[in-house]
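Notes follow the structure.
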Amino acid sequence: MNTVLRNINMTSRDYIICTDAIFESVSVAIENIPGRPQTSVFNLLGESLSHKSILKRFREHIENVKEELRKSRVTASFPKDSPKIVAIFESITASPGLLLPWKEMVRICREENVWSVVDAAHSLGQEVSINLQEVNPDFWMTNCSKWYYAQRGCAVLYVPFRNQDMIKTQLVPGTRYPVRGPSPPSFIHEFHWSGMIDPIPILSIEFSKAFRERLGGEKKINDYCHTLAIAGGKLVANMLGTMVMDQTEKGELTANMTNIELPLPSSIAPSKDVFFLYQDRMIDVHKVFAPAFYYGGRWWARASAQIYNDLSDFERLGSALSETCQKIKDQASQNIDQ
């Protein structure tokens, strides 16, 4: 992500659009862009949370950014030298864990003459039949270890041919060894071999692929995990007397992660004390964990459904969350009394 953002060559005249669920490291990468572009945050939550609503409001948000540029008289007709608008969005957000209509968002970017940078860290292993040539993003990147079972330290960066000349690695450039046959493009040399790369994580991709095929393949894995995420989320929400974030009829916002509202009042603000109390109770006492986060004025927990999980794991999670949230509320009451 850092390599891509630095090579787009943005200035203070340009705009970055990002979601309010952007991953923290991506947010830091945006802050460190040398040109200091302006930032506009797109809120995923609206009157309703659905793919249709997100797409409608995403296009409106882009149009509003363009209108802001017109009002500032930076450009009136958006010629070739007009400010860049770069949209950075996730295929599946991390906190909350929501499956966004990212393919359609890429299409909207293309129609609106906006650069599309897709953070697809959670896609490989959670989404099937991804055809990047068909979707045609400007940049797309995913992680091979989160859901695909490869070793940590390997990822995929997809750059269509039209944008490869602009990408220069932020690390030591690759050594240009002689090759048999036609010489690869400079884009390949940028990342090929610097003498400092451990090839083992990359080689593990083939083994993880073979393992997943032995399990029954991508569709079977994801059908099981998706179904479990939907059922498990509802089970835990019922135990807590709350709700899941994805209220769509077919669970279109859910891949293999579900977001469950926690029975905590919004008056309990995020803090280190709350974080460590939650973490210590869940891990040390209950030996089960789902990360908690504060979003849209409510507390939530994100639970991931994996091939080794079943509904009994979610039931155990629900019991642990109930006890832990009560401890947090008790602690908050004591602080008020003091």
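Extension gain for residue 188-residue 331 works out to 45.9 nm (0.36 nm per residue, less the C-alpha to C-alpha distance).
Cβ-Cβ distance of residue 71 and residue 28, R₀ of 25 Å, FRET efficiency by 1/(1 + (r/R0)^6): the value works out to about 0.25. Tilt of helix 51-71 relative to the longest C-alpha principal axis of the chain, in degrees (0 to 90, nearest 10)? Helix 51-71 sits roughly 50 degrees off the main axis of the chain. Could you let me know the centre-to-centre spacing of region 204-253 and region 1-36, using Cα atoms, in angstrom? With region 204-253 and region 1-36 each reduced to a Cα centre, they are spaced 31 Å.
Taking 0.36 nm per residue of separation and subtracting the current Cα-Cα distance, fully stretching the chain between residue 13 and residue 52 would add 10.9 nm. Where in region 244-292 are there GluC sites (Glu not before Pro) that are in a DSSP coil and have at most 11 other Cβ atoms within 10 angstrom of their Cβ? Hits after loop and neighbour filter: 249.
Taking the chain as a Gaussian network of alpha-carbon nodes connected by springs under 10 Å, the highest mean-square fluctuation of the residues 114, 244, 135 belongs to 135. Each residue, residue 316 and residue 285, gets one label point 7 Å from its Cα in the Cβ direction; the gap between the two is 1.7 nm.
Normalised by 2.2 N^0.38 Å, where N is the number of residues, the C-alpha radius of gyration of region 8-48 stands at 1.27. With a Förster radius of 22 Å applied to the C-beta separation of residue 164 and residue 20, the computed FRET efficiency comes to 0.10.
When only Cα pairs below 8 angstrom with a gap of at least 6 residues are kept, the chain shows a relative contact order of 14 percent.
Roughly speaking, to the nearest percent, how much of the chain's 1.4 Å accessible area is carbon and sulfur? Within the chain, the accessible surface is 52 percent carbon and sulfur.
About the centre of its Cα atoms, region 218-337 shows a dipole size close to 80 debye [charges on the beta carbon of Lys, Arg (+1) and Asp, Glu (-1) only; nearest 20 debye]. Looking at region 263-338, the trypsin sites (Lys or Arg not before Pro) that sit in a DSSP loop and have at most 14 other Cβ atoms within 10 Å of their own Cβ are 287. For the chain, what does the helix formula give at 222 nm: sum of -39500 (n - 2.57) over DSSP H segments with n ≥ 4, over the residue count, nearest 500 deg cm²/dmol? Helix-only estimate at 222 nm: -12000 deg cm²/dmol.
The trypsin sites (Lys or Arg not before Pro) of region 105-156 meeting both criteria, a DSSP state outside H, G, I, E and B (loop) and at most 11 other C-beta atoms within 10 angstrom of the site's C-beta, are 152. Two decimals is fine: what is log10 I(q)/I(0) at q = 0.08 Å⁻¹ for the chain, from a Debye sum with one equal scatterer on every Cα and no solvent? For the chain, the Cα-only Debye profile gives -0.45. Extension gain, residue 130 to residue 214: 0.36 nm times the residue separation minus the Cα-Cα distance gives 28.2 nm.
Of all DSSP bridge pairs formed entirely within the chain, close to 45 percent run antiparallel. Rounded to 0.05, the FRET efficiency of the residue 276 and residue 196 pair, given R0 = 41 Å and the Cβ-Cβ distance, is 0.65.
Computed on the Cα atoms alone, the convex hull of region 179-338 gives a volume of 208 cubic angstrom per residue.
The values are calculated or read from the model by the stated rules, or taken from the named source; none is laboratory data. Note that the structure is predicted; figures quoted are calculated from it, not measured. Reconstructed Cβ throughout: ideal geometry from the backbone, glycine too, with neighbour counts over all protein chains shown. To get the accessible areas, we keep the full protein, side chains included, count just its heavy atoms, and leave off ligands, DNA and RNA. Shrake-Rupley method; radii C 1.70, N 1.55, O 1.52, S 1.80 Å.
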